[in-house]
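Step one of this worksheet: look at the structure below.
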Amino acid sequence: MRRKTGLHLLLLALIVLGIGATSVGAQEKISIVHYFSDVLGKEAIGKIFTAFNETHPGYEAVDNSAGHEDFKTQILVTIAGDNPPDVFSYWAGARTQFVVDAGRLMSLADFWEENDLDAIIPEGVKAAAIYNDDIYLIPMNAHLTGFWYNTKVMADAGITKMPETWDEFKEACVTLKEAGVHPISLGSMNRWPAQYWFDYTVSYTAGAEYRQKLMAGEAKYTDPEVVTAMEAWKELTDLGCFAPDSNAYDWTEAADMVANGTAAMNLMGTWISGYLNGLGLEPGVDYDFFPFPVINPDVPRVTHGTVDGWVVPENAKNPEGAKALLLHFVSKESQELWAVGQGALAASTAVDPGIYSPVMAKAAEHLASVMFLGGYDLSTTPPMAEGGLDMFAMFMNDPSGYQEYLEIAQEVADDVFGG
């Protein structure tokens with residue numbers, strides 16, 4: 001009994017002195033939640049965390065990944081509580097704006113200035129970090145969307161010059177069908193891969209300015225401009241350009257169809273490059289890239305994509321540890337590891353351009369030549385994004401009902417933005 005009492009007194013003394021589990025020399029844990037949990041990002045992000053822990057003995061980065069789709073709702077619930085992570089990954093654009101406006105994120109303007117991030121983050125990427133004239137997000141990478149195609153399938157069908165106009169694109173689809181190949185694979189099981197078809201058809205018929213008004217609720221889904229865009233998309237479904245049952249497959253299964261030659265091409269973000277590389281395909285030899293074709297030559301070209309970044313909750317328990325990790329994320333070593341491992345374009349200009357494959361270099365060159373706009377679900381509010389993604393899935397299930405789907409989407413917009 002005396003021995004037990006002595007132990008209790010010792011523990012009490014350690015607590016009073018501030019020693020014990022958080023004693024001098026003990027590691028401070030940094031809680032991270034992220035959505036890089038799939039086959040593409042898991043290995044690379046794990047290596048980055050391991051390198052951080054090895055080079056920062058006073059800290060321990062605790063990796064908590066979540067499924068990409070589950071993350072979208074789970075993180076909002078988590079940060080609304082009293083025990084948020086110290087750092088979490090997030091998509092730049094309307095989703096970050098939503099959380100900033102809710103007062104849930106910490107300003108990182110001082111961190112940005114103290115570490116002179118202007119020296120390595122280009123203006124176009126920095127724009128994704130700024131909300132309400134303040135900095136809240138540290139960019140990790142940029143992705144753009146375009147067509148990724150099987151070079152042998154195209155060549156076997158006699159297509160040696162990639163289409164640059166809408167008419168050329170439709171002609172290529174017909175040629176591929178006649179060759180016995182599905183022209184386009186689309187894995188819209190989780191809805192979001194279909195959004196890029198809406199992004200480009202709206203931006204390339206009505207223009208980027210109109211598209212941004214639509215995202216902000218300042219235009220209507222029932223407008224003639226949106227109807228025209230949906231009709232352009234429907235032209236392709238009427239021609240039988242898409243492999244059947246798009247909603248039955250996820251994006252990786254659609255990418256597999258391009259890899260194995262069942263389909264010729266896939267409209268997807270640059271992360272597909274990392275996936276195809278992982279299947280053993282050689283960039284520039286087995287697969288290549290071309291931008292979305294011009295529909296209306298009077299409308300300036302844009303590219304749609306994603307900037308992934310890291311944010312710190314306003315009430316993070318370990319903000320200093322979080323900032324140490326953020327600095328590690330933008331280091332040259334982490335940026336190069338991530339760009340190669342995930343199939344991304346680095347956020348930092350400090351990386352060696354030689355890390356990019358010929359295909360990714362081509363994508364980077366295109367990105368530098370056009371205006372960059374976020375993808376649909378990153379450009380409008382999360383509630384509206386859900387309504388729009390539902391519309392795209394309905395369209396791929398039965399394109400003939402697109403007028404009705406637009407009316408349903410506008411009902412959602414009226415609820416979200418006020419009709």
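No value in this document is a laboratory result; all are computed from the given coordinates. All values reported here derive from a predicted model rather than from experimental measurement. Note: ideal-geometry Cβ built from the backbone for every residue, glycine included; neighbour counts use all protein chains shown.
Remarks
- Spin-label pair D156-E218: with each label point 7 Å from Cα along the Cα-Cβ axis, the two points sit 4.9 nm from one another.
- Two-site FRET efficiency, T262 against K47, from Cβ-Cβ distance with R₀ of 22 Å, rounded to 0.05: 0.10
- Separation of the alpha carbons by more than 29 angstrom is noted, of K42/K234; K72/K213; K29/K332; K29/K72; K47/K152, for K42/K234; K47/K152.
- 0 to 90° range, to nearest 10: angle between helix 224-238 axis and the chain longest Cα axis: 70
- Packing, taken as the mean count of other beta carbons within 10 Å per residue, orders the peptides 391-404, 100-113, 370-383 from highest to lowest as 370-383, 391-404, 100-113.
- Distance between segment 254-321 and segment 85-141 - C-alpha centres, whole angstrom: 22
- Cα centroid separation - segment 383-398 against segment 51-83, whole Å: 29
- Candidates I135, I45, I159, ranked by Gaussian network fluctuation over the chain, Cα under 10 Å, top entry: I159
- Computed from the C-beta positions of E411 and E171 and an R0 of 51 Å, the FRET efficiency is 0.85 to the nearest 0.05.
- Here the extension length gained between A248 and N115 equals 43.2 nm, from 0.36 nm per residue of separation less the Cα-Cα distance.
- Potential lengthening between D101 and D134 on full extension [0.36 nm per residue; Cα-Cα distance subtracted]: 10.7 nm
- Reported label for calculated volume of the Cα convex hull per residue in Å³ given (i) 148; (ii) 166; (iii) 130: (ii)
- The modelled label-to-label distance for the pair Q403/I355, using points 7 Å beyond Cα in the direction of Cβ, is 5.2 nm.
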